[in-house]
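The structure appears below as structure tokens.
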Amino acid sequence: PLSHHASSPWLSAGLGSMAVFRSGLLVLTTPLASLVPRLAPILTSAARLVKHTLYVHLQPGLSLGGPAQPQSSLVQATFEVLDFITHFYAGADVHRHLDVRVLLTNIGVKSAFLPPLPSSVQNLAHPPEVVLTDFQTLDGSQYNPVKQQLERYATSCYSCCPQLASVLLYPDYGPGELPGEPLDAPLASTIRPASPVARSPKQPVRGYHRGAVGGTFDRLHNAHKVLLSVACILAQEQLVVGVADKDLLKSKLLPELLQPYAERVEHLSEFLVDIKPSLTFDIVPLLDPYGPAGSDPSLEFLVVSEETYRGGMAVNRFRLENDLEELALYQIQLLKDQNHTDNEEDKVSSSTFRQRMLGKLLRPPYKRPELPTQLYVIGLTGISGSGKSSVAQRLKGLGAFVIDSDQLGHRAYAPGGPAYQPVVEAFGTDILHKDGIINRKVLGSRVFGNKKQLKILTDIMWPIIAELAREEMNQAVAEGKRVCVIDAAMLLEAGWQNMVHEVWTVVIPETEAVRRIVERDGLSEAAAQSRLQSQMSGQQLVDQSHVVLSTLWESQVTQRQVEKAWALLQKRISQTP
């Protein structure tokens, strides 16, 4: 329940029992040490009300029960505050629909260059439609006056929607979570400064003029937000943010599914300006492992994760070699992913999010009124060696009618086939075996590497194979099949996406594709690479795809992926008129 009161906050706010707001502001007033064990129920209550952006304002000790207008005051940045922010983002990770942003405007370090708290209202990218709080009156009285104070406080600090609603959460606290109950253990330490000096929770954090943080920042998640928040608290004037691009992306898992650089920067910039608008942000592409941190003499600190700490040490060695001062390193603990499966990392990571995109619909299907109305057609493609044909067989096992474009090509080439005479006329009788069958090896050597000759061949073959595929579709309808899969390596090059509802692409790293081609076809590595270079890249295919799959892992992982994609497809088909 959201309230232990007879007068439910849902009703007193005039919200109804199913109110959901796009954005909200959560004002936390409980002292941090007491707040940590209560985070789960507070977040659960907030997540029922807010469906997208949840801003969080920390003001421990704030009272909303008095007659005076409450004022925002500076919260001293201590290691306890940094640890709390980490725990908050870790706790919020179970609510995947929430874009949580802990605001840092009122959190600062004691230093000569600390700017005063802004007197004006701070603009937020998604103005809150509701303000929530953990503040509780002792006996449940003064309910409406507290709500009015909460609304006044919120609107004095941040730009909120004109019709701002307010809710006192009164979460369903369990044993050991009620306000006033003592804690069994102090807050676990999550941030480690490089110096071996023992740090205590109440120890103030040192402030710096300028610092840096780097990462890929794909699908900005809560572990990224911890890294960025710590960097924003440490920096008082400027933060340089390096965003991995180009060569630094090649080793990433499923790089074809990475957000484009511009999109990653856009999300990053919005988050940073929201949480600390007083800072100057310099967001730059990272094209080598050192980036600006290796060469900028004005930088004083670098925030790294447990994983990238060694990289931070390498940056410092590089700086010393170039007569620059070392950076103070702050190492952030990785966030654990409580929902990871066997083949996923146990930490919150972008690569896991990309893995979870496999099998899901990435863009709306094509409307194809010219196709048989009873049939839903999938075009299945992938680079050579991607495992496309094995995926086709798995789909067949689930009930799909599979059209193998290679087999249609063989049929078209055969004596008496629709392509036989046109191909012989175009390339001469010396491409024939003695028995009159087209020697595909000789024909292949004639067109390979010769764009003009290849175009002559494809201009003959592709329309014929497309026509044969349409005949096969009619056969699928006659057999009562609902889903038809066209297995075609050249699907997009041939323009056959105009006869499918969805394009599904199977991806694997090029190095793995080369290894498979060498093993399967007995080609040299150079020949295998040459074959891949003559095709569209995995990235080009994915850019035009509706669903992406990968055969990079064990057979059972591929099977689970295909079954997931199939189940989602069945759901889509059932909702299609």
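The values are calculated or read from the model by the stated rules, or taken from the named source; none is laboratory data. Since we're looking at a predicted model, the values are computed, not measured. Positions of Cβ are generated from backbone atoms using ideal geometry, with glycine treated the same way; all protein chains shown enter the neighbour counts. Calculation scope for accessible area: heavy atoms of the full protein, side chains included, ligands and nucleic acids excluded. Shrake-Rupley method; radii C 1.70, N 1.55, O 1.52, S 1.80 Å.
Is the range 305-314 home to any residue that is open to solvent by less than 30 Å² (accessible area, probe 1.4 Å) and of a type in the set (Ser, Thr, Tyr)?
yes
Kindly provide the set of residues from the range 346-355 that are part of a loop (DSSP other than H, G, I, E, B) and open to solvent by less than 70 Å² (accessible area, probe 1.4 Å), ordered by number.
If the condition is that a residue be part of a loop (DSSP other than H, G, I, E, B) and open to solvent by less than 70 Å² (accessible area, probe 1.4 Å), then 348, 349 are the ones that fit.
So residue 382 clears everything in (1) touching a helix residue (DSSP H, G or I) at 6+ places or on another chain (Cβ under 9 Å); (2) within 23 Å of residue 528 (Cβ to Cβ); (3) open to solvent by 10 Å² or more (accessible area, probe 1.4 Å) except one condition, right? Which one?
In the conditions (1) touching a helix residue (DSSP H, G or I) at 6+ places or on another chain (Cβ under 9 Å); (2) within 23 Å of residue 528 (Cβ to Cβ); (3) open to solvent by 10 Å² or more (accessible area, probe 1.4 Å), residue 382 misses (3) alone.
For the range 503-571, which fully contained helices (runs of 4 or more DSSP H) count at least 2 residues that are open to solvent by less than 60 Å² (accessible area, probe 1.4 Å) and of a type in the set (D, E, K, R)?
Filter on the range 503-571 gives 510-521.
Would you check which residues across the range 468-502 are closer than 26 Å to residue 358 by Cβ, assigned to a helix (DSSP H, G or I) and open to solvent by 60 Å² or more (accessible area, probe 1.4 Å) and list them?
498
Could you check the range 63-98 and list, in sequence order, the residues that are among the charged types (D, E, K, R) and over 30 Å from residue 203 (Cβ atoms)? It would help to see each step written out before you state the result.
Kept after step one, since they are among the charged types (D, E, K, R), are these residues of the range 63-98: 80, 83, 93, 96.
96, the sole residue that qualifies.
Could we say that residue 528 is in contact (Cβ under 8 Å) with a residue 60 or more places away in the chain and more than 18 Å from residue 359 (Cα to Cα) here?
The answer is yes for residue 528.
Inspect the range 348-356 for any residue being within 21 Å of residue 555 (Cα to Cα) and among the basic types (Lys, Arg) and give the result as yes or no.
In the first step, residues of the range 348-356 are kept if they are within 21 Å of residue 555 (Cα to Cα); the result is 351-356.
Now narrow it down to the ones that are among the basic types (Lys, Arg): 354, 356.
Among the residues of the range 348-356, at least one is within 21 Å of residue 555 (Cα to Cα) and among the basic types (Lys, Arg), which makes the answer yes.
Are any residues in the range 206-258 of a type in the set (S, T, N, Q) and more than 28 Å from residue 98 (Cβ to Cβ), and if so, which ones?
Within the range 206-258, 236, 238, 251 meet the criteria.
Just checking, does the range 287-301 include any residue being outside the structural domain of residue 363 (by the TED database), under 30 Å from residue 505 (Cβ atoms) and open to solvent by 40 Å² or more (accessible area, probe 1.4 Å)?
First, the residues of the range 287-301 that are outside the structural domain of residue 363 (by the TED database): 287-301.
Subsequent filtering for residues that are under 30 Å from residue 505 (Cβ atoms) retains 287.
Subsequent filtering for residues that are open to solvent by 40 Å² or more (accessible area, probe 1.4 Å) retains 287.
Looking for residues that are outside the structural domain of residue 363 (by the TED database), under 30 Å from residue 505 (Cβ atoms) and open to solvent by 40 Å² or more (accessible area, probe 1.4 Å), one finds at least one in the range 287-301, hence yes.
Quick one: is residue 404 open to solvent by 20 Å² or more (accessible area, probe 1.4 Å) and either in contact with a strand residue (DSSP E or B) (Cβ under 9 Å, 6 or more places away or on another chain) or touching a residue at least 60 places away in the same chain (Cβ under 8 Å) (or both)?
Judged against the criteria, residue 404 is a match.
Does residue 144 fit the bill of being open to solvent by 60 Å² or more (accessible area, probe 1.4 Å), more than 25 Å from residue 335 (Cβ to Cβ) and at pLDDT 95 or above? Steps first, please.
On the way: open to solvent by 60 Å² or more (accessible area, probe 1.4 Å): yes; more than 25 Å from residue 335 (Cβ to Cβ): yes; at pLDDT 95 or above: no.
For residue 144, the condition - open to solvent by 60 Å² or more (accessible area, probe 1.4 Å), more than 25 Å from residue 335 (Cβ to Cβ) and at pLDDT 95 or above - is not met.
Could you check, for the range 417-425, whether at least one of its residues is under 30 Å from residue 80 (Cβ atoms), open to solvent by less than 20 Å² (accessible area, probe 1.4 Å) and assigned to a helix (DSSP H, G or I)?
Checking the range 417-425: not a single residue is under 30 Å from residue 80 (Cβ atoms), open to solvent by less than 20 Å² (accessible area, probe 1.4 Å) and assigned to a helix (DSSP H, G or I).
Within the range 371-399, track down each residue that is part of a loop (DSSP other than H, G, I, E, B) and either within 30 Å of residue 218 (Cα to Cα) or free of Cβ contacts under 8 Å to residues at least 40 places away in the same chain (or both).
Residues satisfying the conditions are 373, 383, 384, 385, 386, 387.
Restrict the check to the range 356-363 and report whether at least one residue is without any contact (Cβ under 8 Å) to a residue 24 or more places away in the chain and surrounded by 13 or more Cβ atoms within 10 Å (Cβ to Cβ).
Checked against the condition, which is being without any contact (Cβ under 8 Å) to a residue 24 or more places away in the chain and surrounded by 13 or more Cβ atoms within 10 Å (Cβ to Cβ), the range 356-363 yields at least one hit.
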